[in-house]
Amino acid sequence: MKKITLLAVLTGIVLCSCKTQNSAEFRTISPDALKDKIAGGWAGKMIGVTYGAPTEFHAQGKTFDDSIRWKPSDIKGSMWQDDLYVQLTFMMSMDKYGIDASAKKYQEMFAKAGYQLWHANVQARKNYFDSIFPPQSGAPEYNFHADDIDFQIESDYIGFMCPSMPQQAVKLADKVGHIMNYGEGYYGGIFVAALYAEAFFETDIARIVDYALLSIPAESDYYKIVKDVILLHKQYPADWKAAWNELEAKWGNVDICGAGSTFNIDAKLNGAYIVMGLLYGEGDPYKTMEIATRCGQDSDCNPSNAMAVLGVIKGLKNLPEEMKTGIEAVGDSTFVNTNYSFNKAVENTYNYAIRFVKESGGEVSEKEIKIKKQEPVAPKLENSFPNLVFDHKISVFDTQKWTTKGNWTTYKHKSWNQTDAKDQSKYGEKAGDELEFTFEGTGITLMGNWLKDGGKADIYLDGKLHRTVDSYFFYANQEHLNINLWHAFNLPQGSHSVKVVVKGEKRPESLGTRLYVTEALIFKTEAKKSDNYKFSFQKS
């Protein structure tokens, strides 16, 4: 009898222990609360982007110190913001083709959408029409903008539908993020999605940031710059500008897309501004948006991401009344070139979240959702442009540097802010027109125009055919001036030659065979300043 009693006691202890262990594997939330937090995320995204929109890139390499005016009726402007409609296109792809559709299908709907695009996104669109598909479409070999901010501002929906499921978020991000980005640009999207995934159940912003970092490689610069923001916040807890100055000194000039200018659309620097807004904002919506905006650069996207994190933490019902009023006024309005409204986005995001909860081992009832918690797992390290540093430019009008064969004609262009047309580029259009130059360095980018009369050319590097390029572009009534035509990096240090040979050929829809060239950007390889940089308060 005593043995049976002891066995029963021991069995009870084991069962109790298992029950406790199992319950720790799950996080519980009500259906209403989950939907309200998803609504808060979408609302925060819309509010933040309209708050910062008038300041976008007005402050480059400096803080934005002018007045910021925002009113609830401004939220209507989010209907035309790429921060919203691009990612909603990816949700439309999920709706039409299913979550298991190929990345090429996602790229196709995105490429054929009726809106205009820029940077990594527009290169991914052109790559689609040039038959370059994911993951190559976002890879540095085919996308000069691989480290840019694009996926970072378009991954919100992934985090919104993956509460406490960072592994699921990375799975979705791998497919979509590599359409247009790689490396730091890809990690930016993962980091933002991971912020949301944890914000459903955590209110401490510092903990949310720490946890989101676990979803990206610790060796990446993105991880390192966020760690620096955390360090600077501890050093200057009440002075975000002091922290900003230190951060700018170390990381401010790291964007090869900016090519030596103050312009910086790099994902990691702008991601650091998201974190600065969150940490120094201390949970206050207006303070968070203001700081993320005043950090400058892409200052509509950054407060949009930061405010969306607060929206998930607080839920829509706990946002300020004027914000809720502004959202309610446009709740059924349709985002441009999509079939989505705010209300539909909330509903479909919720439905996808429920699906992922069930597929990941969770349980769903009318009163309770039990989500099986996932531990973050970072993807492998990707490095788009290792130790690449901009060195100098060579204008196509520098006759001392370029030699020509055939007929290269000066193209004049009048910008919206110019009174007269100015020399913008040179073009060749007949087969055999050649342009040649030499340079010293380890990387080269040939810049020119993508226009509706663009044609094809062969690019030779050091005497060997490297790639054939096609400069035709006319989608969504958009062309591009002074954009990347071709690039080659990781070359041996030394002298290299580039020869451009016009083919006199075009795709059927092009109006001509012209190849426009504006300049060459030359790069060198050297240790990054951030690798050995010490903040003012650190010992050397």
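Every number here is computed from the coordinates shown, using simple stated rules; none is lab data. Since the structure is predicted, the reported quantities are computational estimates derived from the model, not experimental observations. Don't worry about glycine lacking a Cβ; one is built from the backbone with ideal geometry, like all the others, and counts go over all protein chains shown.
The relative contact order of the range 137-293 comes to 23 percent, based on Cα pairs under 8 Å that sit 6 or more residues apart. In this calculation the C-beta distance from residue 399 to residue 263 is compared with R0 = 30 Å, giving a FRET efficiency of 0.60.
Sequence-ordered 3J(HN,Hα) estimates for the range 444-455 from the Karplus curve with 6.51, -1.76 and 1.60 and θ = phi - 60° stand at 8, 10, 8, 9, x, 10, 9, 10, 6, 10, x, x Hz, glycine and proline given as x.
In angstrom, the C-alpha Rg and Dmax of the range 388-529 are 15.2, 47. The phi-based Karplus calculation (6.51 cos²θ - 1.76 cosθ + 1.60; θ = phi - 60°) puts the 3J(HN,Hα) values of the range 268-275 at 6, 5, 5, x, 4, 5, 4, 5 Hz, whole numbers, x for Gly and Pro. 3J(HN,Hα) along the range 240-247: 5, 5, 4, 5, 4, 4, 5, 5 Hz, from the Karplus curve 6.51 cos²θ - 1.76 cosθ + 1.60 with θ = phi - 60°, whole Hz, x for Gly and Pro.
Here the simple spin-label model places points 7 Å from the Cα toward Cβ, and for residue 58 and residue 351 these points are separated by 4.1 nm.
With a Förster radius of 45 Å applied to the beta-carbon distance between residue 465 and residue 333, the computed FRET efficiency rounds to 0.30. Each Cα pair under 8 Å and six or more residues apart adds its sequence gap; the mean of these over the residue count of the chain is a relative contact order of 18 percent. Relative contact order of the range 388-529, taken over Cα pairs closer than 8 Å and 6 or more residues apart, is 36 percent. Axis angle, to the nearest 10 degrees, between helix 166-180 and the longest C-alpha principal axis of the chain: 10 degrees.
Across the cross-link table entries 112/456; 175/452; 104/268, which are compared at the Cα atoms, the separations over 29 Å belong to 175/452. Within 9 Å, Cβ to Cβ, of residue 449, how many net charges do the neighbouring residues add up to if Lys/Arg are +1 and Asp/Glu are -1? Around residue 449, the charge tally is 0. Placing dummy labels 7 Å off each Cα toward the beta-carbon, the span from residue 414 to residue 364 is 5.8 nm.
Debye-formula intensities of the chain, expressed as log10 I(q)/I(0) at q = 0.10 Å⁻¹, are -0.82 (one equal scatterer per alpha-carbon, no solvent). If R0 is 22 Å, the Cβ-Cβ spacing of residue 102 and residue 476 corresponds to a FRET efficiency of close to 0.40. Projecting the Cα atoms of 318, 374, 58 onto the charge dipole of the chain, computed from C-beta unit charges around the Cα centre, puts 374 farthest toward the positive end.
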